[in-house]
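Each remark here refers to the structure printed beneath this line.
The values are calculated or read from the model by the stated rules, or taken from the named source; none is laboratory data. Source: prediction; values computed, not measured. Positions of Cβ are backbone-derived with ideal geometry, glycine not excepted, and every protein chain shown enters the neighbour counts.
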Ligand SMILES: Cc1cc2nc3c(=O)[nH]c(=O)nc-3n(C[C@H](O)[C@H](O)[C@H](O)COP(=O)(O)O)c2cc1C
């Protein structure tokens, strides 16, 4: 965790209470001080949130993804994460989502990772599986479940044979054999992510996708070792983290995105997240929890307002003493700076702010008077900033 002292760089590898190392004085605003996880140091604490572009074919990224991610790297973000990249074809959200189940997909992503790194950002990848929320149309096509004759698929899997909502696909409850197959696919995708040159990996355990489907008692009605009590519902996640760590090097950070609450009575709660985070902290495989929420149940009531999920990151950080990322309607540089300065989170994770302005970090640097953020030299001669 960062210690928010004016002259520190976090070293989370040696992590936690006793491991804060003061490496150099830094007069810059907190948001723009470098941060280190394991061997990876980023130039600032701004992360591009994973955002599906629904623009691939056969799980392959293309020029759109290259430009989208490359522009945010050139725009000064410290961490540039891909959208959710799926570990098997039926785990895609839409037919146009990305995958990492073959080497051609790996090689296309490698070009992006290399360019992102060349712009001074840490290239990160989010790995996921949509489970019962797979096989839907793109947002601009209505995000509704797709049938096979519309390009969808109907062999969905989940913790239990429960659809997300009425009219959605009814998944098959995964057998223990299917669980093992899924973990093998995750392991192979992790290996490809490493081979593609990514330096940070985020496991997608949020938004009602497969891992979240196991975590939440609303979507997990299993009666075996993967269902019922808390310790059983987190088993699929813990096994996923373990297989990722078999392929993901010790010196590279692993982030975990969680929906810290289902926002539904009787669902996964912030208390559950804290309990899980304390366990993850003790195990030492996960370096940061990216604190999102919701997505697993249409009955959710989310109190949306600027920075609405910051208290989740703050509570997890305070109670589990693990690094967190704050995400959700953070648009102003002052709010982003305050999140870090007040010790509410270690990273500020931006989605739509970076969609509307790829150079948000460089503009924020100007408004916060950071001295360590530079426009790409190709743009330096412009005086319009
Ligand atoms: C177009 C779009 C695509 C998204 N795709 C993903 C995704 O692939 N993985 C994920 O974890 N969250 C995804 N999200 C959620 C964002 O990462 C982020 O958590 C959310 O937009 C809230 O942050 P914001 O208010 O800064 O946009 C997506 C959001 C948007 C707007």
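From 351, 328, grab the single residue that is at positive phi and within 19 Å of the chain's Cα centre (by Cα).
Checking each option against the conditions leaves just 328.
Among the residues of segment 343-356 satisfying the criterion of being out of contact with any strand residue (DSSP E or B) (no Cβ under 8 Å at 6 or more places or on another chain) and in contact (Cβ under 8 Å) with a residue 24 or more places away in the chain, which is nearest to the ligand (Cβ to nearest atom)?
Among residues in segment 343-356 that are out of contact with any strand residue (DSSP E or B) (no Cβ under 8 Å at 6 or more places or on another chain) and in contact (Cβ under 8 Å) with a residue 24 or more places away in the chain, the one nearest to the ligand (Cβ to nearest atom) is 355.
What are the residue pairs meeting all of these: first residue in segment 323-340, first residue within 28 Å of residue 282 (Cα to Cα), second residue assigned to a strand (DSSP E or B) and more than 12 Å from the ligand (Cβ to nearest atom), Cβ atoms under 6 Å, and 6 or more apart or on different chains?
What qualifies is 323/288; 324/289; 325/288; 325/347.
Only one of 238, 254 is touching a helix residue (DSSP H, G or I) at 6+ places or on another chain (Cβ under 9 Å), at pLDDT 95 or above and crowded, with 19+ Cβ neighbours inside 10 Å; which? It would help to see each step written out before you state the result.
Numbers: 238 fails: crowded, with 19+ Cβ neighbours inside 10 Å.
Answer to the check: 254.
Does segment 125-142 contain at least one residue that is surrounded by fewer than 21 Cβ atoms within 10 Å (Cβ to Cβ) and at pLDDT below 95? Break it down stepwise before answering.
Initial filter on segment 125-142 (surrounded by fewer than 21 Cβ atoms within 10 Å (Cβ to Cβ)): 137-142.
Still in the running and at pLDDT below 95: 141-142.
For segment 125-142, residues surrounded by fewer than 21 Cβ atoms within 10 Å (Cβ to Cβ) and at pLDDT below 95: present.
Taking segment 30-53, which residues are within 16 Å of the ligand (Cβ to nearest atom), over 19 Å from residue 104 (Cβ atoms) and surrounded by fewer than 20 Cβ atoms within 10 Å (Cβ to Cβ)?
Residue satisfying the conditions is 51 alone.
Pick out the one residue from 170, 243 that is farther than 26 Å from residue 49 by Cβ and either modelled with pLDDT of 95 or more or touching a helix residue (DSSP H, G or I) at 6+ places or on another chain (Cβ under 9 Å) (or both).
On the way: 243 fails: farther than 26 Å from residue 49 by Cβ.
Just one listed residue meets the conditions, 170.
Could you list all residues from segment 88-112 that are farther than 30 Å from residue 171 by Cβ and crowded, with 24+ Cβ neighbours inside 10 Å?
Within segment 88-112, just 112 meets the criteria.
Taking the criterion of being touching a residue at least 12 places away in the same chain (Cβ under 8 Å) and near the ligand (Cβ under 10 Å from one of its atoms), would at least one residue in segment 309-320 satisfy it?
The answer is yes; a qualifying residue exists.
Residue check, residue 363 against (1) in contact (Cβ under 8 Å) with a residue 60 or more places away in the chain; (2) within 13 Å of residue 32 (Cα to Cα); (3) in contact with a helix residue (DSSP H, G or I) (Cβ under 8 Å, 6 or more places away or on another chain), all met but one. Which one?
Exception for residue 363: condition (1).
Mind checking whether some residue in segment 283-296 is outside any loop (DSSP other than H, G, I, E, B), away from the ligand (no atom under 16 Å from the Cβ) and surrounded by 14 or more Cβ atoms within 10 Å (Cβ to Cβ)?
No: segment 283-296 contains no residue that is outside any loop (DSSP other than H, G, I, E, B), away from the ligand (no atom under 16 Å from the Cβ) and surrounded by 14 or more Cβ atoms within 10 Å (Cβ to Cβ).
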